[in-house]
Amino acid sequence: MDKSFWDGKRVLITGHTGFKGGWMSVWLHRVGARLFGISNGRVSNPDFYTACGVSSLYEKEYFEDVRDLVAMRASVSEARPDILIHMAAQPIVLYGMTNPAETFAVNVVGTANVLEAARAAPSLKSIVNVTTDKVYRNLEWVWPYREGDELGGKDPYSSSKSCADICARSFYRSYFQDLGVGMANVRGGNVIGGGDWARDRLVPDFFRALEVGAPITIRNPRSIRPWQHVLEPVSGYLKLAERLYGDPAKYSGDWNFGPRAQDCKPVEWIISYLRANAERKIDVFVEPASNDKEARLLKLDSSKAREGLDWESRLPIETALSYCLDWYVGYSNGRALKVTAAQIEEFNAR
């Protein structure tokens, strides 16, 4: 990441109140970026946004719904971004199962609205559209998925993000390519880190149970996921945003940012590590009827990012989980922002 590049750049982040958006905000503020955010509000209570005082890092926040095209046009016009990072989404698989229409509306129509508004931003040079590893048609095989593999999530969340990928690609080819604006779809793994309190996610569920001393219930303990600390994909997104700004034709397209193969672990391994290293122990129960709509095996091939961006995963899974444990201890002691800054600095030094 080139610190001098970001100094003074106007960066518009949608979904800035979210977990990943919060970490990105702290990092960008530390390198001198001018931040503008669009969000429809806090994603949980508690949340990273409040714990780390993210609001104070922003020149202007627009609390609007991405499904409102008029609001998107007004917000993007006023923010006058140099770089747009679109992360606003309905990101929870199980919520999508019970609220499919809302999930498609936020993830697909919301993406179209943000990009439609961005077409009228004369200063804009770089767009990063954040999707997910779950956009791929999962064949439950041992080989990791590459950017050219077939899309096609089978549950509403995954399917909606596949649609959002296709939507963004069509905007690039139809409009942004001719405007000289670089745009990329980025697909990260299962992101973990301090400050995530989302429901139905393994690591947040563990820390919620740990806080109250209750047992944790897990589903599909043998499911394998590409676990990675939040700083891993965020570092890739930001490096790619820099490259898109300088050479849009070369760097536009689809990019994976996943962990090393040896860090793709089963759910039960993750829980065992957290239990063994937490300050106190909690019991674990497995749901008797597992959810067969979720993928059992999922890995990403990040060769393109390694070769094209000189990006690679830096944190072994054990270190990533230790970062999580340390962050929540820091939060409980009122030191969330200090721990966040220290982990960013330590990550950069690797």
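The values are calculated or read from the model by the stated rules, or taken from the named source; none is laboratory data. All figures in this text were calculated on a predicted structure; none of them were measured in a lab. Here the Cβ positions follow ideal geometry from the backbone for every residue, glycine too, while neighbour counts run over all protein chains shown.
Taken together, the residues in the range 142-200 that are in a loop (DSSP other than H, G, I, E, B), β-branched (Val, Ile, Thr) and at pLDDT 95 or above amount to 1.
Considering the range 122-138 alone, what residues qualify as being within 21 Å of Tyr237 (Cα to Cα), assigned to a loop (DSSP other than H, G, I, E, B) and not charged (D, E, K, R)?
Matches in the range 122-138: Ser123, Leu124, Thr131, Thr132.
Table: residues versus (1) under 24 Å from Pro248 (Cβ atoms); (2) in a helix (DSSP H, G or I).
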| residue | (1), (2) |
| --- | --- |
| Glu61 | no, no |
| Arg73 | yes, yes |
| Ser77 | yes, yes |
| Pro81 | yes, no |
| Leu84 | yes, no |
| Met97 | no, yes |
| Thr103 | no, yes |
| Asn107 | no, yes |
| Val114 | yes, yes |
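For the range 46-59, the tally of residues that are free of Cβ contacts under 8 Å to residues at least 40 places away in the same chain and not in a helix (DSSP H, G or I) stands at 1.
Residue count for the range 159-181 under the criterion of being of a type in the set (Gly, Ala, Ser) and within 17 Å of Asn256 (Cα to Cα): the result is 3. How about the range 299-317: which of its residues are touching a helix residue (DSSP H, G or I) at 6+ places or on another chain (Cβ under 7 Å) and either more than 18 Å from Gly188 (Cα to Cα) or in a helix (DSSP H, G or I) (or both)? Listed by number, the residues that qualify are Ala305, Leu309, Ile317.
Within the range 1-45, being among the polar types (S, T, N, Q), free of Cβ contacts under 8 Å to residues at least 60 places away in the same chain and touching a helix residue (DSSP H, G or I) at 6+ places or on another chain (Cβ under 7 Å) holds for Thr17, Ser25.
Which one is surrounded by the fewest Cβ atoms within 10 Å (Cβ to Cβ) among residues in the range 119-135 that are touching a residue at least 60 places away in the same chain (Cβ under 8 Å), in contact with a Leu (Cβ under 9 Å, 6 or more places away or on another chain) and under 15 Å from Asn185 (Cβ atoms)? Filtering the range 119-135 for residues that are touching a residue at least 60 places away in the same chain (Cβ under 8 Å), in contact with a Leu (Cβ under 9 Å, 6 or more places away or on another chain) and under 15 Å from Asn185 (Cβ atoms), the one surrounded by the fewest Cβ atoms within 10 Å (Cβ to Cβ) comes out as Val128. Annotation for the range 139-155: no member residue is touching a residue at least 40 places away in the same chain (Cβ under 8 Å), crowded, with 20+ Cβ neighbours inside 10 Å and over 27 Å from Lys239 (Cβ atoms).
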